1. Which of the residues belonging to the range 61-81 are without any contact (Cβ under 8 Å) to a residue 12 or more places away in the chain and in a helix (DSSP H, G or I)?
2. Using the structure shown, decide if Ile78 is open to solvent by 20 Å² or more (accessible area, probe 1.4 Å) and at pLDDT below 95.
3. Suppose we keep only residues that are more than 16 Å from the chain's Cα centre (by Cα) and in a helix (DSSP H, G or I) within the range 94-118. Which one would you say is surrounded by the most Cβ atoms within 10 Å (Cβ to Cβ)?
Amino acid sequence: VMAGSAALAYALWSKPLRDAEVALAAGNRDAALAHYVRAEERFKRFPIAQRLLPREYALSVSNQLALLYRSGDHDAVIAKAEEAPPRATPRFWAGSALFALASAEAKSDVRVVLLSRAQAEFKQALEQSPDDWDTKYNYEVTGKLVAALRKKPEVEPDTLMQLVRPQQKQPKAVRKRG
């Protein structure tokens with residue numbers, strides 16, 4: 001009876017997470033985000049649940065961060081990452097959001113500051129999960145970009161990544177005659 005009650009309680013508790021997955025599968029990101037927010041609110045109302053179900057709590061917050069990032073609400077990602085649990089990879093998402101903000105920034109000095117903050121966030125993310133290749137890649141690219149921008153600060157935002165990966169000149173095609 002105890003096991004059945006626990007399974008029923010878990011099923012009821014995790015319903016917003018299942019509803020969010022269904023909404024995501026249907027392509028409805030707004031509904032999925034609302035369900036993840038509702039799931040997180042449950043965890044905040046009952047903090048003991050955060051300790052009993054840490055994976056589910058981290059999932060609700062991490063998926064919120066991912067959905068906010070994909071929707072382009074980078075300021076919300078940065079704010080949400082400040083209060084997120086470490087298992088939700090908040091440093092990775094904050095670094096990604098800062099990188100996106102820097103990529104769109106027109107002022108070179110602000111761009112360098114944002115990229116430096118992104119690099120610091122990626123470094124913290126690497127300290128939490130040193131085997132994450134996405135974080136390693138983002139950290140290295142951001143570091144190279146910061147160094148390149150300090151040498152050559154007046155670069156247009158749309159050509160920013162060419163500092164890290166310059167375009168090679170393609171040899172002109174030679175027309176064969178004869």
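1. Result: Ala76, Ala79.
2. no
3. Residue satisfying both the conditions and the ranking: Arg111.
The values are calculated or read from the model by the stated rules, or taken from the named source; none is laboratory data. Bear in mind that the values here come from a model prediction, so they are computed numbers and not experimental data. Here the Cβ is made from the backbone with ideal geometry for all residues, glycine too, and neighbour counts use every protein chain on show. Ligands, DNA and RNA are stripped out before the accessible areas are found, and what is left, the full protein with its side chains, is counted by its heavy atoms. Shrake-Rupley method; radii C 1.70, N 1.55, O 1.52, S 1.80 Å.
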